[in-house]
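Enquirer: Got a structure for you, written out below as structure tokens; questions coming shortly.
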Amino acid sequence: MSEEKKDPSPIPEQEKEAAQKKSERSVVRYVSVLFGAAFALLLFTFAMEMRQHRQAIDASQAQISDLKQTSSSAAQRLQDVLDENEALKEKLDEAEKTEKALDEVQAQAAGLERSVRAMDWFWQINEAFSKGRYTLARQLIESLEADGLQECLPRESVTDNGRFSPYDRFMEIRERVIK
């Protein structure tokens with residue numbers, strides 16, 4: 001009976017060894033599958049990260065391109081504004097020169113108008129004096145001087161006939177009429 005007990009034991013040991021080898025192979029396969037799956041997941045994650053990174057780079061490049069265009073457009077608009085500003089400054093300078101010239105012309109016109117008025121008074125005074133109407137001549141002289149027009153009379157004779165200038169003739173008449 002002791003032999004009987006020995007025989008059955010090697011079979012279970014072989015079976016145990018075979019089961020253990022089978023179990024070891026299963027564990028190795030399981031671990032290999034797990035490592036393979038983990039590696040596949042890592043590769044998939046890497047690919048996704050690369051794709052996202054590429055998209056981010058493309059988006060950044062698109063933004064940079066847009067910013068360059070915007071910057072170029074803004075620079076062009078700035079240059080246009082500067083050119084327009086320069087043109088406006090030139091027009092302003094021209095307008096100021098024109099305004100100064102106009103002021104000078106207006107001042108000359110006002111002076112000429114005063115001279116014309118003074119000459120009108122002078123001819124009336126000269127005529128009244130020539131006709132012997134001294135009282136009228138005195139009144140006209142006082143009116144001319146009240147308006148301050150005596151200084152507007154020309155001091156030079158334009159006829160080149162050796163006669164008095166209108167101012168000199170006025171002063172001569174004034175001396176004779178007003179004492």
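The values are calculated or read from the model by the stated rules, or taken from the named source; none is laboratory data. If you're wondering where the values come from, they're calculated on a predicted model, not measured in any experiment. Glycine also receives a Cβ, built like all others from the backbone with ideal geometry; neighbour counts cover every protein chain displayed. We work out accessible area using only protein heavy atoms, side chains counted, and drop any ligands, DNA or RNA first. Shrake-Rupley method; radii C 1.70, N 1.55, O 1.52, S 1.80 Å.
Enquirer: I need every pair where a residue in region 146-157 that is closer than 18 Å to Glu172 by Cβ and free of Cβ contacts under 8 Å to residues at least 12 places away in the same chain has its Cβ under 8 Å from the Cβ of a residue that is open to solvent by 80 Å² or more (accessible area, probe 1.4 Å) and of a type in the set (Lys, Arg), sequence separation at least 6 or different chains.
Expert: What qualifies is Ser157/Arg163.
Enquirer: Which of the residues spanning region 123-132 are among the acidic types (Asp, Glu) and either crowded, with 20+ Cβ neighbours inside 10 Å or within 60 Å of the chain's Cα centre (by Cα) (or both)?
Expert: Within region 123-132, no residue meets the criteria.
Enquirer: Residues of region 133-179 being open to solvent by 70 Å² or more (accessible area, probe 1.4 Å), part of a loop (DSSP other than H, G, I, E, B) and aliphatic (A, V, I, L, M), which ones?
Expert: Result: Val158, single match.
Enquirer: While we're looking at this one, here's another question. Give the number of residues within region 35-52 that are open to solvent by 100 Å² or more (accessible area, probe 1.4 Å) and over 56 Å from the mean Cα position of the chain (by Cα).
Expert: Total satisfying the criteria: 4.
Enquirer: While we're here: On the basis of being farther than 20 Å from Ile173 by Cβ, acidic (Asp, Glu), without any contact (Cβ under 8 Å) to a residue 12 or more places away in the chain and surrounded by 10 or more Cβ atoms within 10 Å (Cβ to Cβ), does Asp120 make the cut?
Expert: Answer is no for this residue.
Enquirer: If we scan region 104-114, do we find a residue that is surrounded by 13 or more Cβ atoms within 10 Å (Cβ to Cβ) and assigned to a helix (DSSP H, G or I)?
Expert: yes
Enquirer: Quick check: is even one residue across region 85-102 open to solvent by 100 Å² or more (accessible area, probe 1.4 Å) and either touching a helix residue (DSSP H, G or I) at 6+ places or on another chain (Cβ under 8 Å) or not charged (D, E, K, R) (or both)?
Expert: There is no residue in region 85-102 that is open to solvent by 100 Å² or more (accessible area, probe 1.4 Å) and either touching a helix residue (DSSP H, G or I) at 6+ places or on another chain (Cβ under 8 Å) or not charged (D, E, K, R) (or both).
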